[in-house]
Amino acid sequence: PESLLYLLLTDEIPTESQVRELSTSLNERAVLSDYTKKIIEEFPKDMHPMTQFSTAIMSMQRESQFQQKYSSGSLRKADYWVHTLEDSL
């Protein structure tokens, strides 16, 4: 999967080294905040999965680079994609 993601992001076929580097980077970014973990653990057992998903994603807004830049007023519209990509990874 990382090879395909690399190809989609760069339009280049990655080397094995590039795939390992991307995989390592994605694993380092895969940490959930304690705040989000607590929210997920408290979901009712009968809550719809899509509601669980959207609530968990929205709770991550606290750590969002896009949100931080946007709130500070220093985010230019031409740079929206940079911080959106970073948040999505």
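Rounded to 0.05, the FRET efficiency of the Ile40 and Ser17 pair, given R0 = 35 Å and the Cβ-Cβ distance, is 0.50. Given a Förster distance of 22 Å, report the FRET efficiency between Arg76 and Leu9 from their Cβ-Cβ distance, rounded to the nearest 0.05. So the FRET efficiency works out to roughly 0.55. Axis of helix 16-29 versus longest Cα principal axis of the chain: the two differ by about 20°, to the nearest ten degrees. Magnitude of the charge dipole for the chain, about its Cα centre and with charges confined to Cβ atoms of Lys, Arg (+1) and Asp, Glu (-1), is about 380 debye. Here the contact order of the range 3-89, divided by its residue count and restricted to Cα pairs under 8 Å and six or more residues apart, works out to 21 percent. For the chain, the per residue solvent-accessible surface stands at 81 Å², with DNA, RNA and ligands left out and a 1.4 Å probe. Restricting the range 2-46 to GluC sites (Glu not before Pro) that sit in a DSSP loop and have at most 11 other Cβ atoms within 10 Å of their own Cβ leaves Glu12, Glu42.
Shown here for the chain: trypsin sites (Lys or Arg not before Pro) in loop regions (DSSP other than H, G, I, E, B) with at most 12 other Cβ atoms within 10 Å, namely Lys45, Arg76. A viscosity of 1.002 mPa s and a temperature of 20 °C, combined with the Kirkwood radius over C-alpha pairs in the Stokes-Einstein formula, give the range 43-89 a diffusion coefficient of 178 µm²/s. With a ≥ b ≥ c the root eigenvalues of the C-alpha gyration tensor of the range 1-76, is it rounded (a/c under 1.5), prolate (a/b larger than b/c) or oblate? Oblate.
The values are calculated or read from the model by the stated rules, or taken from the named source; none is laboratory data. Because the structure is a prediction, the values reported are computed rather than measured. Neighbour counts are summed over all protein chains in view; Cβ atoms, including those assigned to glycine, are modelled from backbone coordinates with ideal geometry. Side chains included, ligands, DNA and RNA excluded: accessible areas come from the protein's heavy atoms. Shrake-Rupley method; radii C 1.70, N 1.55, O 1.52, S 1.80 Å.
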